[in-house]
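Trainee: Below is the structure I would like to discuss, written out as structure tokens.
The values are calculated or read from the model by the stated rules, or taken from the named source; none is laboratory data. Not measured: the values here are computed from a predicted model. Every residue, glycine as well, gets a Cβ built from its backbone with ideal geometry; the counts of neighbours run over all protein chains shown. In case anyone asks, the SASA skips ligands and DNA or RNA and just uses the protein heavy atoms, side chains included. Shrake-Rupley method; radii C 1.70, N 1.55, O 1.52, S 1.80 Å.
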Amino acid sequence: MSFASLPPVASWRHEGARAGFEVAFFAEERGGVRVEGVTTATEDGESWIVDYVIHLDESWRTRSARITGRSGAATQVRLIEADGDGHWQVDGAPAPQLQGCLDLDLEASAMTNTFPVHRLRFPAGSAVPAPAAYVRAVGLAVDRLDQTYSRSDDEHYDYAAPRFDFTCRLTYDRHGLILDYPGIATRIQ
């Protein structure tokens, strides 16, 4: 699957699991893509903001991220680095629980579900594992999230995250960006 070049900016309304808004800016840079964005939301009565800068290599593997989160009176920062071969560091310390992950998935973001569909080649109808370094919105805890994607057609992928007993059909646009993430977010620009 080949996607059109990324637009300079995209935005999503988060609704269902939380009420909020996300904006992401995309820039091609030497050796890959830089994504800068922010999500503000209220979920289960708690308001939070997550700001991110993510660097991807030319194969759409996560190489580094700086994530800043604020909830309540606390502000936290996570620095995440990956070698592109499945080895990770979180705040400078090895993170062996993330061994084999190539993607970063932010709980606060619909946009990060873009990474696996750009990185992987999907035979129609076959589930492809795409484990990710998963960063929580509140507190920025980082752990492994085992998930799968299965391409139905050029615009639709079935997504599953067994840990959360969650499945849905994701809809993507011609850029490979999420248009509809049922129960989470809808693209508005």
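Trainee: List the pairs whose first member sits in region 50-68 and is open to solvent by 10 Å² or more (accessible area, probe 1.4 Å), whose second member is hydrophobic (A, V, I, L, M, F, W, C) and at pLDDT below 95, and whose Cβ atoms are under 9 Å apart, counting only residues at least 6 apart or on separate chains?
Mentor: TRP60/VAL117; TRP60/LEU120
Trainee: Can you tell which of ASP44, ASP91 is open to solvent by 60 Å² or more (accessible area, probe 1.4 Å), modelled with pLDDT of 95 or more and of a type outside the set (Phe, Trp, Tyr)?
Mentor: That would be ASP91, the only listed residue that is open to solvent by 60 Å² or more (accessible area, probe 1.4 Å), modelled with pLDDT of 95 or more and of a type outside the set (Phe, Trp, Tyr).
Trainee: I've got another one for you. Could you please give the count of residues in region 95-117 that are closer than 20 Å to TYR52 by Cα and open to solvent by 20 Å² or more (accessible area, probe 1.4 Å)?
Mentor: Final tally of qualifying residues: 2.
Trainee: Also: Of all the strands (runs of 3 or more DSSP E) wholly in region 135-189, which have at least 1 residues that are touching a helix residue (DSSP H, G or I) at 6+ places or on another chain (Cβ under 7 Å)? Walk me through it before giving the result.
Mentor: Numbers: elements: 142-145, 148-151, 156-161, 166-172, 178-181, 185-187.
Per the criteria, 142-145, 148-151, 156-161, 166-172, 178-181.
Trainee: In region 119-134, what residues are closer than 18 Å to LEU56 by Cα and part of a loop (DSSP other than H, G, I, E, B)?
Mentor: Correct list: LEU120, ARG121, ALA130, PRO131.
Trainee: Can I ask one more? Restricting attention to region 143-189, which residues are touching a residue at least 60 places away in the same chain (Cβ under 8 Å), surrounded by 15 or more Cβ atoms within 10 Å (Cβ to Cβ) and farther than 20 Å from GLU22 by Cα?
Mentor: ARG151
Trainee: Given the options VAL128, VAL138, name the one that is more than 26 Å from GLU15 (Cβ to Cβ) and β-branched (Val, Ile, Thr).
Mentor: Only one candidate qualifies: VAL128.
Trainee: Mind listing whichever residues of region 9-30 are open to solvent by 10 Å² or more (accessible area, probe 1.4 Å) and under 20 Å from GLU58 (Cα atoms)?
Mentor: Once the filter is applied, which keeps residues that are open to solvent by 10 Å² or more (accessible area, probe 1.4 Å) and under 20 Å from GLU58 (Cα atoms), region 9-30 yields VAL9, PHE25, PHE26, ALA27, GLU28, GLU29, ARG30.
Trainee: Which of (1) surrounded by 14 or more Cβ atoms within 10 Å (Cβ to Cβ); (2) closer than 22 Å to ASP173 by Cβ; (3) hydrophobic (A, V, I, L, M, F, W, C) is the odd one out, the single condition ALA124 does not satisfy?
Mentor: For ALA124, the exception is condition (1).
Trainee: From the list ALA74, ALA161, ALA127, which one is aliphatic (A, V, I, L, M) and closer than 23 Å to ASP51 by Cβ?
Mentor: Going through ALA74, ALA161, ALA127 in turn, just one is aliphatic (A, V, I, L, M) and closer than 23 Å to ASP51 by Cβ: ALA74.
Trainee: When you look at VAL138, is it in contact with a Lys or Arg (Cβ under 8 Å, 6 or more places away or on another chain) and within 30 Å of GLU46 (Cα to Cα), yes or no?
Mentor: Judged against the criteria, VAL138 is not a match.
Trainee: Of GLY125, GLY72, GLY100, GLY86, which residue is farther than 22 Å from SER5 by Cα, of a type outside the set (Ser, Thr, Tyr) and in contact with a Ser or Thr (Cβ under 7 Å, 6 or more places away or on another chain)?
Mentor: Within the list GLY125, GLY72, GLY100, GLY86, the selection yields GLY125.
Trainee: Let me ask something else. Is there a residue in region 3-15 that is of a type in the set (Phe, Trp, Tyr) and modelled with pLDDT under 95?
Mentor: Yes: one or more hits.
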